[in-house]
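Chemist: I am attaching a structure below and will ask some questions about it afterwards.
The values are calculated or read from the model by the stated rules, or taken from the named source; none is laboratory data. This structure is a prediction, so every number in the text was calculated from the model and none was measured. Every residue, glycine among them, receives a Cβ derived from its backbone with ideal geometry; neighbour counts consider all protein chains shown.
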Amino acid sequence: MNIKAVMMCLLAGLVVTGCATTVEKRREEKEAAYSELSPEFRALVDQGRIKVGMPKDAVYIAWGKPSQIIQGESSGGPIETWLYYGTHLREYQYWRSDDYWYRGRYFMAAPYLDYDYYPQYYVRGEATFENGIVKSWKTMPRY
């Protein structure tokens, strides 16, 4: 096999493996659980969506690993809430002046408005489970 053919095979392999979405990767990881889902739940999971009545594995495949898990209890028994965090950059503005020393003298520059960006975290979505089944869920608006 010549070098050109080898390079084409490698490139084709990279394109095929690089195009798999994270939902597809999680679906392969939980293949047995995915195959047990109803056709309706499979279609939703493939779109990255969830619905009341889904098992935990379906939520994991659709949304991924939660950022935080909170344990609790309701009148129906123990509950578990999966939180998914999002982040966005928030602008912080402040007045600044670049004062400096030059040849033993202190110079004060005129103040100007400067800014920095800091990450701000928020709860992007949450799913609450009772007995391993989605009891409720919600998503929050993105910033």
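Chemist: Can you name the residue in the range 26-42 that is in contact with a helix residue (DSSP H, G or I) (Cβ under 9 Å, 6 or more places away or on another chain) and among the hydroxyl-bearing types (Ser, Thr, Tyr) and, of all such residues, is nearest to VAL134 (Cα to Cα)?
Modeler: Ranking the qualifying residues of the range 26-42, first place goes to TYR34.
Chemist: Any residue in the range 27-56 that's closer than 21 Å to GLU126 by Cα: show its pairings with residues that are of a type in the set (Ser, Thr, Tyr) and not in a helix (DSSP H, G or I) at Cβ separation under 7 Å, as long as the two are six or more apart or on different chains.
Modeler: VAL52/SER136
Chemist: Only one of GLN93, GLN120 is among the polar types (S, T, N, Q), more than 23 Å from the chain's Cα centre (by Cα) and either farther than 21 Å from THR22 by Cβ or surrounded by 12 or more Cβ atoms within 10 Å (Cβ to Cβ) (or both). Can you tell me which?
Modeler: Being among the polar types (S, T, N, Q), more than 23 Å from the chain's Cα centre (by Cα) and either farther than 21 Å from THR22 by Cβ or surrounded by 12 or more Cβ atoms within 10 Å (Cβ to Cβ) (or both) holds for just one of GLN93, GLN120, which is GLN93.
Chemist: Can you give me the number of residues within the range 108-117 that are of a type outside the set (Gly, Ala, Ser) and surrounded by 10 or more Cβ atoms within 10 Å (Cβ to Cβ)? So that I can check it myself, show each step before the final result.
Modeler: From the range 108-117, those of a type outside the set (Gly, Ala, Ser) are 108, 111-117; that's our starting set.
Then keep just the ones that are surrounded by 10 or more Cβ atoms within 10 Å (Cβ to Cβ); that gives 111, 114, 116-117.
Going through the range 108-117 one residue at a time, the tally reaches 4.
Chemist: Suppose we filter the range 26-57 for residues that are of a type in the set (A, V, I, L, M), more than 21 Å from the chain's Cα centre (by Cα) and assigned to a loop (DSSP other than H, G, I, E, B); how many remain? It would help to see each step written out before you state the result.
Modeler: Here is the first cut: in the range 26-57, the ones of a type in the set (A, V, I, L, M) are 32-33, 37, 43-45, 50, 52, 54.
The next check asks that each one be more than 21 Å from the chain's Cα centre (by Cα); those that pass are 32-33, 37.
Now restrict to residues that are assigned to a loop (DSSP other than H, G, I, E, B): 37.
Summing the residues that are of a type in the set (A, V, I, L, M), more than 21 Å from the chain's Cα centre (by Cα) and assigned to a loop (DSSP other than H, G, I, E, B) in the range 26-57 gives 1.
Chemist: May I ask you to say which residue of TRP82, TRP63 is surrounded by 14 or more Cβ atoms within 10 Å (Cβ to Cβ), touching a residue at least 60 places away in the same chain (Cβ under 8 Å) and closer than 26 Å to THR22 by Cα?
Modeler: Numbers: TRP82 fails: touching a residue at least 60 places away in the same chain (Cβ under 8 Å).
Within the list TRP82, TRP63, the selection yields TRP63.
Chemist: Go through the range 73-84 and count every residue that is at pLDDT below 95 and part of a strand (DSSP E or B). So that I can check it myself, show each step before the final result.
Modeler: So in the range 73-84, the residues at pLDDT below 95 come out as 73-78.
The next check asks that each one be part of a strand (DSSP E or B); those that pass are 73-74, 77-78.
Counting residues in the range 73-84 that are at pLDDT below 95 and part of a strand (DSSP E or B) gives 4.
The rows are residues; the columns are (1) hydrophobic (A, V, I, L, M, F, W, C); (2) modelled with pLDDT under 95; (3) within 18 Å of SER136 (Cβ to Cβ).
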| position | (1), (2), (3) |
| --- | --- |
| VAL15 | yes, yes, no |
| ALA20 | yes, yes, no |
| ILE50 | yes, no, yes |
| GLN68 | no, no, yes |
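Chemist: Could you tell me which residue of the range 90-132 is farthest from MET54 (Cα to Cα), considering only residues that are among the hydrophobic types (A, V, I, L, M, F, W, C), out of contact with any Asp or Glu (no Cβ under 9 Å at 6 or more places or on another chain) and modelled with pLDDT under 90?
Modeler: For the range 90-132, the residue satisfying everything is TRP101.
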